[in-house]
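First up is the structure itself, then whatever we jot down about it.
What follows draws every value from the coordinates through simple rules; no lab data is involved. What you see is a predicted model, and the numbers here were worked out from it, not measured in a lab. Quick reminder, even Gly has a Cβ in these numbers, built from the backbone with ideal geometry, and neighbours come from all protein chains shown.
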């Protein structure tokens, strides 16, 4: 970490806070209110959550600002995981006795539709002395400070990496204390990152090559091409469709023998439906993928099918599909890295628009 750069911004931030006592008090009050709310959810209380409780618990998260319809996310979490399983795993994540890295990995392995931003925010609000809040803005701030080994994508944020990020945030908190900051915790650090360290163009260029941020190693790529990244890409494609105003579902049966990873669907007046099918390929048989897409095309509403994979796999898919006349004209290919970039961009846009409050919640 570049401590000289950090010190410069700490001094500027402390001067800014001293000049605007009303804003400072408002920030302190907001932090205390948020910590009080989440710390009030004990393990026993979490384990007895109703669907309405889950909605109340999740909808207050900043990570939910990207969603105009927060109930959509809540319903997705409950329906995908089951209410009882979600409650048990959430209680284990927040209040379990296992090391933080193990609790993080367990939750990520067992619960779908709740990503690192939501997880880390819950942990930070509940345990602000030890757990940091991780999101795109935190990436920008820590990248600017030259913190090494930052996870560029969600699938790279393992429990071990999250623990290292928390240590980096604690180091920042220690420097703020040395400069005269009082009652400093990692939620305080998050406010500092947002207010003072969004100083590069990296927020708009997270998906672009960078001298500071290294891509995954060959070993990491090999490890990532498993079920975990498959499910993450599948869910991100569904999110993109939802943000585009389409009905989006995962693991959807669209024709006899064809259950596909993600579908986007639009209804055109009273004329019928238009469906686009996405299949994510991280390993396994390309023949099976092509057969599944062919079966999907038996549904007349399916207007296009999209194979999603890495560049090497996509080239193989194109080659195999070129000899299948009924498929080649409707097959499209999408690099999974582009999916991640589009998801990042749309989430930023959605969050900015929803923050305006143009449509009241519950409308």
Treating only the Cα positions of the chain as identical point scatterers, give the base-10 log of I(q)/I(0) from the Debye formula at each q in 0.10 Å⁻¹.
-0.69
Just rank 193, 167, 346, 61, fewest to most, by other beta-carbon atoms within 10 angstrom.
167, 346, 61, 193
Report the label-to-label distance for residue 353 and residue 106 in nanometres (one decimal), using points 7 Å from each Cα along the Cα→Cβ vector.
4.0
Take each of the peptides 108-115, 319-326, average the number of other beta-carbon atoms within 10 Å over its residues, and list them starting from the highest.
108-115, 319-326
What fraction of the DSSP beta bridges in the chain is antiparallel, stated in percent and rounded to the nearest 5?
55
Report the FRET efficiency, 1/(1 + (r/R0)^6), for residue 50 and residue 182, where r is their Cβ-Cβ distance and R0 is 45 Å, rounded to 0.05.
0.70
Given the Cα-Cα distance of residue 285 and residue 316 and 0.36 nm per residue of separation, how much length would full extension add, in nm?
10.1 nm
Using the number of other C-beta atoms within 10 angstrom as an exposure proxy, rank 235, 84, 53 with the fewest first.
84, 53, 235
Using helices alone, I'd like the mean residue ellipticity at 222 nm for the chain: each DSSP H run of four-plus residues gives -39500 (n - 2.57), total over residue count, nearest 500.
-17500 deg cm²/dmol
Taking Cα atoms only, helix 227-243 is inclined relative to the longest principal axis of the chain by an angle, in degrees rounded to 10, of 90
In terms of the Cα gyration tensor, with a ≥ b ≥ c the square roots of its eigenvalues, is segment 224-347 rounded because a/c is under 1.5, prolate because a/b exceeds b/c, or oblate?
oblate
Taking the Cβ of each residue in 137, 273 as the centre, tally the other Cβ atoms inside 10 Å and list the residues starting with the fewest.
273, 137
With T = 10 °C, eta = 1.306 mPa s and Kirkwood Rh from C-alpha pairs, the Stokes-Einstein D of segment 1-141 in µm²/s is about 95
Cα gyration tensor category, rounded, prolate or oblate, for segment 289-363 with a/c compared to 1.5:
oblate
Count the DSSP beta bridges whose two residues both fall in segment 224-347, then state the antiparallel fraction as a percent rounded to the nearest 5.
55
How would you rank 8-15, 307-314, highest first, on the average number of other Cβ atoms within 10 Å across their residues?
307-314, 8-15
Tensor-based shape of segment 80-133 (alpha-carbon gyration tensor, a/c under 1.5 rounded, otherwise prolate or oblate):
prolate
